[in-house]
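Working notes, beginning with the structure itself.
The values are calculated or read from the model by the stated rules, or taken from the named source; none is laboratory data. Predicted model only: the values in this text are computed from it and were never measured. Glycine also receives a Cβ, built like all others from the backbone with ideal geometry; neighbour counts cover every protein chain displayed.
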Amino acid sequence: MTGARLLCETFPARLERGAGVPAIERLAYFAEAATAQLEGAKHLVLAGAKSPVSFFAYPGMPSDLVPGGCEVHVLARHDGAAAALRALADEVAPGTEAAVAAASRPELPRGALTSASAAQVIGALLPERAIIVDEANTSGLLLPQATAGSPAHDVLTLTGGAIGYGIPAATGAAVAAPDRPVLCLESDGSAMYTISGLWTQARENLNVTTVLYDNNAYDILRIELQRVGAGSTPGPKALDLLDLSRPAMDFVKIAEGMGVPARRVGTAEEFADALRAAFSQDGPHLIDAAVPSLMG
Ligand SMILES: Cc1ncc(C[n+]2csc(CCOP(=O)(O)OP(=O)(O)O)c2C)c(N)n1
């Protein structure tokens, strides 16, 4: 199948990936990046996916991400998508297997904890057969590269835009797969929607490690506010709406108050220590990861 590429939606419900698994590119969240990924495509074959549109509508930019002149073909709706793809592959490239990702892990970084160094630590330490629930939002942008060659794992993401999915989904995953480590990557604003799920994790002694990306902000909304062209310098009222530091939330106390052991980390080394410890002990843990906002 010369020139064919496998892409999945930006927010797939579940994606298997990692060493030994066919490497499937995720369509990028930001419209410009997604447009670059799709540039030059002559045919877009949809199997269980809808034709891609950008998450936000930006003035003067098309929301439809299909490049001009590209023909869209609906191969299958959700049901039967895998079988339809297999049949298509057998038809156009019989006997060919998809290339799989090679095993490789990032070096453990040192120094300040940022979303980039946190991603490297996760890629370096991810256990076998982990289930990652990804609601890291802006703090998770570099995660796909850092974990591409980690041991095979599943990634669960929210499929729409309603935040607060991460803690309950991780709780459910741990109930459904008690023999697998669950890593919940959760940003502070989203965590607050469903934080009570931590209590369920403690009560049921579930193997969930929550990394709480504590950037004190609704950071993606700060970024999108700039990108939609709502003014290059938003006023103090607009900025205050997107600030989570007044008062600052103490996620260590919140977690401990619900029976989940917790620790705050501010360097890559401390984060690696805390992650190792959490993976090696039964039951839920929360790591309050102090990371800077991407907006500075
Ligand atoms: C249920 C619901 N309420 C509100 C929103 C609007 N919203 C979109 S992103 C976001 C903030 C996300 O902030 P956070 O989880 O801290 O992640 P960050 O952007 O800082 O990485 C909000 C409030 C939403 N998508 N869903």
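Numbers below:
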| quantity | calculated |
| --- | --- |
| Answer from Thr200, Thr138, Thr147 - the residue that is within 16 Å of the ligand (Cβ to nearest atom), of a type in the set (S, T, N, Q) and out of contact with any strand residue (DSSP E or B) (no Cβ under 6 Å at 6 or more places or on another chain) | Thr138 |
| Check on Arg222, touching a residue at least 40 places away in the same chain (Cβ under 8 Å), among the charged types (D, E, K, R) and within 16 Å of the ligand (Cβ to nearest atom) | yes |
| Region 152-164 residues that are within 19 Å of Leu221 (Cβ to Cβ), paired with ones that are part of a strand (DSSP E or B) and within 13 Å of the ligand (Cβ to nearest atom) (beta carbon under 6 Å, 6 or more apart) | Thr157/Asp134 |
| Any hit, region 237-252, residues being crowded, with 22+ Cβ neighbours inside 10 Å, in contact with a helix residue (DSSP H, G or I) (Cβ under 9 Å, 6 or more places away or on another chain) and in contact (Cβ under 8 Å) with a residue 60 or more places away in the chain | yes |
| Candidates Leu126, Leu65 - the one that is crowded, with 17+ Cβ neighbours inside 10 Å and farther than 24 Å from Pro151 by Cα | Leu65 |
| Filter pass, Pro94 being exposed (fewer than 14 other Cβ atoms within 10 Å of the Cβ) and either at pLDDT 90 or above or in contact with a strand residue (DSSP E or B) (Cβ under 7 Å, 6 or more places away or on another chain) (or both) | yes |
| Region 170-194, residues that are of a type in the set (A, V, I, L, M, F, W, C), more than 11 Å from the ligand (Cβ to nearest atom) and buried (at least 20 other Cβ atoms within 10 Å of the Cβ) | Ala170, Ala173, Ala174, Val182, Leu183, Cys184 |
| Residue ranges of strands (runs of 3 or more DSSP E) in region 205-296 with at least 1 members closer than 15 Å to Val121 by Cβ and touching a His at 6+ places or on another chain (Cβ under 9 Å) | 208-214, 262-265 |
| In region 261-283, the residues that are closer than 17 Å to Ser187 by Cα and either crowded, with 16+ Cβ neighbours inside 10 Å or under 20 Å from the mean Cα position of the chain (by Cα) (or both) | Ala262, Arg263, Arg264, Val265, Phe271, Leu275 |
| Criterion (at pLDDT below 95 and either within 13 Å of the ligand (Cβ to nearest atom) or outside the structural domain of Phe30 (by the TED database) (or both)) met by exactly one of Gly296, Gly266, Gly257 | Gly296 |
| Identity of the residue in region 204-219, within 15 Å of the ligand (Cβ to nearest atom) and either closer than 22 Å to Arg180 by Cβ or not assigned by the TED database to the domain that holds Leu143 (or both), that ends up surrounded by the fewest Cβ atoms within 10 Å (Cβ to Cβ) | Val211 |
| Meets criteria (under 30 Å from Val265 (Cα atoms) and surrounded by fewer than 18 Cβ atoms within 10 Å (Cβ to Cβ)) for Leu108 | yes |
